[in-house]
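Below: one structure, written as C-alpha cells.
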Amino acid sequence: MNQRYMKYTVLAAVCAGALWLGGCKAAPAGAEKAEATPSEARVIQVVPETIAPLGLGGQVLPYLADVDLGDAEPIPDYLRIGVRHAIVAKLQARLMELGFMDNDEPTDYYGEMTVQAVKHFQRQNELAQDGIVGNSTWDAIMSPDAKYYAVSKGTQGDDIQRIQQRLYELGYLATADLVTGNFGDSTEAAVLKLQEVNGLNMDGKVGQKTINLLYSDEIKPNFLSYGEKSDVVLACQKRLKELGYLTTEPDGTYGEDTAIAIKQFQARNDQIVDGYLGPSTRMALDSPSARSNGLMLGERGDAVKRMQQLLSKHGYLYSGNVTGYYGEATQTAVKNFQSRNGLSVDGLVGVQTLAKLSSDNVRRPAAGTGNAGANTGGNTGGHTGGNTGGNTGGNTGGNTGGNTGGGTYKPPSGGAPASGGASSLISVASSKLGSPYVWGAKGPNAFDCSGFVYWCLNQVGVNQSYMTSSGWRNAGRYTKITNFNDIQAGDIVVVNGHVGIAAGGGTVIDASSSNGRVVHRGLTQWWANNFICAWRIF
C-alpha cells in the first residue's frame, strides 16, 4: 500500500479478544482440579461467528480491513494547484531541502511556486512536466536517493533565465541578449568561468553550491574587480567622480577608494551591493538618471547631524530638529538653502551643497522666513508616517512631541506598541496583503521576499537599496538584533533564505513563496529555528 494513502486502522480485535477471554469463568477458590471424563473432553464451547478463534499457527489478533475513522481529511489522489492539505507542507519542505523551492515556512497550500518547483523536479527527473504530484512524482521526490537541483546545457525554463541574469550582472555573460532562458554554449562557458574564478568544481552545471554562490557576499565577478587597471576602470572612475562618489583623482586603478565609491553608488541606485563593476552597475553609472552621491531623505548618522547643525547655524533648520535623522523637515530646509544660494534644488546634500554649507559665504533665509520649513513634519526620527521620538507622520503643524505617526496599523494584543516609523511600515506592508509572490519582483503589485522589504521601506522614506535575503545578513546600517525573543514591530527579520517585516504580537508580514502571496502570519518555531538576525530601523 502506498505510504501517501495509508489510512488510520483500528484493531478492534483487541476488544473482541478481551471479551472472549472474559467469557472463561475461574474455578472457585480452594476447589480441587477435577480430571475430565472422556465425554466431558468432547464438549467444545461454540465461539461466536464474529470472533476468530485463536489457532496455534494463526494470528494472535484477527485480520481486519482498514477502517477510516473519518477524523482526518482524505489525501487527494493528485496534488495540484489550488489544493489545500497538510501533506502539501511535507512536499514543500522536501522541495526546499532539495533546492527546487525558495526557503520559506512550509504551508498546506499548493500554489504557483509549488507548481514551478515540481515542474523543475520533473524536468530534472525526466517525468511529465505537468506540475501535478501523483504516485510516481511523490515517490521520486521522497526517495532518499532523490537528486538535488541541478541544471546544465540543454535545459530551458524561467529558472535558467534568472541564473543567466545574475551571470550577466557579474560579468560572466557578456551581453544582455544572452539572457534567454535557454542553457546553451554561452551559458555553459559562463558557468565554467564562474566556477574557475571561485574555486568550484568545473563541471559547467549549476547545482547546489553554484546556485548558492551566485547570491553569496563572497562571489567574485569576472572582470573589473579590485586591483585591475584599465581604461574602462578610468572611465568609470571619472563618472563616479562626477556624481560625487569618488573623492580621489581617477587613475585607472581599481583600488580601495574605487571599491568604496562603487558600493556607495550601488546602494543609492538599486543595485546589488557587491563592490564590483559588473555590466548592470556600469549601465546604471552611464544612465542619465543615475543618482548622485549625498545625504538624502531616510539617512541617519553623525554626518546627517553635522549637516543639520550647519543648516541650523545659518537659520534654515529649527534646532530641535538636529537629531541625526534626515526627515522631511531637513529635506525642506536643504531645498530652501539650495534655492537661496544658487544651487541645484534637489534636496540632496552632495559635494557642492556641503561645500557651500561649510563656507563663510552663505546667504541666510529671506526676511520673515527664518527656519523656513524647519518644523513642517516632525523631523526627529522618522519619515512620512512615523517618528521614534515624536511626530513625522504628516503633521504639518510642527508637533514633535507625541504623535506616533500617520499609520493606521494597530499591533495585535500582547505586543508592544509600534513606534511611529514602525507603525507606518507595517501599515504599508499590510496594504499589500494578498499580492502575488513572483521571484525577483520588487513591486508595486508583485513581490519576492526581499523585493517586498525593499519596496515597503522605500515607500515610508527609508532609502534602502535592494538586497537579497543573503545580503540582509550583513546590512550593517541599522541596529542588529541577535536574540529572536527581542524582535519588535517594524524590525526586518532575517532567516535562512528568507526575510520579512515583524508586525508585532509575535507576527510577521512577508512575501511567501509557499503561500504564493504576501501574508500576515505568526513567527512560529520555524522562524526561530531558521533565525539569523533582525535589523531595527526605527
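Here, each number is a calculation from the coordinates, and none is a lab measurement. Note that the structure is predicted; figures quoted are calculated from it, not measured. Reconstructed Cβ throughout: ideal geometry from the backbone, glycine too, with neighbour counts over all protein chains shown.
The table below gives the values:
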{"read-out": "Overall form of region 77-133 per C-alpha gyration tensor (a/c, 1.5; a/b vs b/c)", "value": "oblate"}
{"read-out": "Spatial separation of Cα centroids for region 176-248 and region 335-358, in angstrom", "value": "37"}
{"read-out": "Radius 12 Å from Cβ of R340, net charge of other residues (Lys, Arg +1; Asp, Glu -1)", "value": "+4"}
{"read-out": "Neighbour net charge for R84 - beta-carbon separation under 10 angstrom, K R +1, D E -1", "value": "-2"}
{"read-out": "Charge sum, other residues only, whose C-beta stays under 12 Å from P221's C-beta, Lys/Arg counted +1 and Asp/Glu -1", "value": "0"}
{"read-out": "Ascending count of other beta-carbon atoms within 10 Å, so fewest first, for S216, S513, S280, S287", "value": "S287, S216, S280, S513"}
{"read-out": "R80/R364 FRET efficiency (R0 45 Å; Cβ-Cβ; nearest 0.05)", "value": "0.05"}
{"read-out": "Region 496-502 - phi-based ³J(HN,Hα) in whole Hz, Karplus 6.51/-1.76/1.60, Gly and Pro as x", "value": "4, x, 7, 8, x, 10, 5"}
{"read-out": "Placed amide H near A503: partners under 5 Å, 5+ positions off or other chain", "value": "G490, V508, I509"}
{"read-out": "Between region 300-316 and region 436-496, the alpha-carbon center distance in angstrom", "value": "29"}
{"read-out": "Pairwise FRET efficiency - V351 versus D158, Cβ, R0 = 35 Å, nearest 0.05", "value": "0.20"}
{"read-out": "Within straight-line cross-link reach of K335, aspartates and glutamates at Cα separation under 15 Å, skipping those fewer than 8 residues along the same chain", "value": "D346"}
{"read-out": "Residues T468, T247, T330, T281, sorted so that the one with the fewest Cβ neighbours within 10 Å comes first", "value": "T247, T468, T281, T330"}
{"read-out": "Set of lysines with alpha-carbon distance to K432 below 22 Å, sequence-local pairs under 8 removed", "value": "K410, K442"}
{"read-out": "Cβ-Cβ FRET estimate between E249 and Y478, R0 fixed at 41 Å, reported to 0.05", "value": "0.75"}
{"read-out": "Placed amide H near S512: partners under 5 Å, 5+ positions off or other chain", "value": "R517, V518, V519"}
{"read-out": "Cα shape, region 420-536, gyration tensor, a/c 1.5 rule", "value": "rounded"}
{"read-out": "In sequence order, calculated HN-Hα J values of region 177-192 (Karplus, 6.51, -1.76, 1.60; Hz; x Gly/Pro)", "value": "6, 7, 7, 10, x, 10, 7, x, 4, 5, 5, 4, 4, 5, 5, 4"}
{"read-out": "Mean separation of Cα contacts under 8 Å, 6 or more apart, over the residue count of region 161-259: relative contact order %", "value": "21"}
{"read-out": "Set of lysines with alpha-carbon distance to K193 below 25 Å, sequence-local pairs under 8 removed", "value": "K147, K153, K205, K209, K220, K229, K263"}
